[in-house]
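Everything on this sheet refers to the single structure shown next.
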Amino acid sequence: MRFSTKAIHAGQDPDPATGSVTVPVYLTSTYMQLRPGREGKYVYSRTANPTRNALEESLAALEGGKVGLAFSSGLAATTTVLMLLRKGDHVIAGDDIYGGTYRLFDQVLRNYGLQFSYVDPRSPDKVERAVRKNTKLIWIETPTNPLMRVVDIRAISKIATKNHAMLVVDNTFASPYLQNPLKLGADISVHSTTKYLGGHSDLIGGAAIATDTDVGKRLKFLQNAVGAVPGPLDCWLVLRGIKTLAVRMDRHNSNAKQISEFLQKEPKVEHVYYPGLPDHPQRDIVKRQMRGYGGMLSFELKGGFGDCEKLLTKLRVFTLAESLGGVESLIEHPASMTHASIPRQRRMEQGIKDTLIRMSVGIEDVEDLLEDLQTGFKNL
């Protein structure tokens, strides 16, 4: 089955009880057992729910994994993956990651005895030099949030394998339609299903897909033991979103490409970060491991924070809001919003300047988006 067909059918056979072509929403917490202690497939919905199982089968199929698991948020998925580790284990993480992930690693999980090093994963040599005897996991995003850097997954996977560490890739920005980390050597692919998989800004969810059955079983145990699972309605909403993922991503991709080209010509823009531009530093890697460029981009504005604030508040089609991956176009200021939890000095060192703006380009008519930006820049 090809991707667009899997997105509609994988894990989503017609309901055997009624013939419903749409997976039912099983709003139940518990299930009848025929005999005491004789557990069937479903016992309690924290452990398993038919709607969630359908989503998990779909996620595994889309990423080419053995085990797919759904969680109540992207950070819940991230936390559960990190619970595969033990006190004293060391993690190498990319130095340009989502602010919420950095906050979780640096301000929460350090308190439980995990060790973290942050390096630029665009350089495999830097990752190799950061490896310690107790390194158990390497965590990368690609493209990164918010600077749209691209990491060579296959090169980092070789380092992980050589050192008996797991490689985890946050694949949220690309979605399974544009990139499949497991096929490039990653052990686990993580998503915030809130974003492109759900696609309509109406749910919070996360996912982790493993390529190894044993790792999947360990994650499944943790999913049940920790309990950060999504409700069946949220699972159903992600399934609904997945059905149109391919057509939406094509439009996100097309719109973002045109907007990135417009921004490159705008005199008030200092620099544009987008994997689809010819001058992107990792252009060759983009071509090797992605099937498109995605709907995310960022740019630096000439001037100061005041100019950013003026632009962000003058737009009418773009909405000033956090999050990404929905059908509507969103725009935000990382330094004061999504990445505010990262200390300012560290943000500046990583290139997240006070003049950096991030866009999640939606699927509206691109002419309306361009006109909105033209009006906004005229008011600066």
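The values are calculated or read from the model by the stated rules, or taken from the named source; none is laboratory data. Owing to the predicted nature of the structure, the values given are computational and were not obtained by experimental measurement. So basically every Cβ, Gly included, is an ideal-geometry build from the backbone, and we count neighbours across all protein chains shown.
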Q | Every residue from region 290-327 that is surrounded by fewer than 18 Cβ atoms within 10 Å (Cβ to Cβ), of a type in the set (G, A, S) and closer than 18 Å to T355 by Cβ | A | G303, G304, G306
Q | Looking only at region 295-344, and only at residues there that are within 19 Å of the chain's Cα centre (by Cα) and among the hydroxyl-bearing types (S, T, Y), the one that is farthest from L277 (Cα to Cα) | A | S341
Q) Quick one: what pairs do we get from region 2-16, first residue of a type in the set (A, V, I, L, M, F, W, C), second loosely packed, with under 15 Cβ neighbours inside 10 Å, C-beta under 8 Å, 6+ apart or different chains? A) A10/M1
**Q.** region 287-306, residues that are farther than 17 Å from M337 by Cα and in a helix (DSSP H, G or I)
**A.** K287, R288, Q289
**Q.** Single unsatisfied condition, G199 versus (1) more than 20 Å from T101 (Cβ to Cβ); (2) in contact (Cβ under 8 Å) with a residue 60 or more places away in the chain; (3) not in a loop (DSSP other than H, G, I, E, B)
**A.** (3)
Q | Sole residue being within 24 Å of H191 (Cα to Cα), in the same structural domain as P146 (by TED's automatic domain parsing), among the polar types (S, T, N, Q) and modelled with pLDDT of 95 or more, chosen from T22, T28 | A | T22
Q) If you check S117, S72, which single one turns out to be in contact (Cβ under 8 Å) with a residue 24 or more places away in the chain, among the hydroxyl-bearing types (S, T, Y), in the same structural domain as T47 (by TED's automatic domain parsing) and in contact with a Pro (Cβ under 8 Å, 6 or more places away or on another chain)? A) S72
Q: State whether the residues of region 370-380 include one that is polar (S, T, N, Q), in a loop (DSSP other than H, G, I, E, B) and modelled with pLDDT under 95.
A: yes
Q) Hey, N255 hits all of (1) out of contact with any Ser or Thr (no Cβ under 7 Å at 6 or more places or on another chain); (2) under 13 Å from E56 (Cβ atoms); (3) not aliphatic (A, V, I, L, M) but one; which does it fall short on? A) (2)
Q | N171 being at pLDDT 95 or above, touching a His at 6+ places or on another chain (Cβ under 7 Å), of a type outside the set (A, V, I, L, M) and more than 18 Å from T211 (Cα to Cα) | A | no
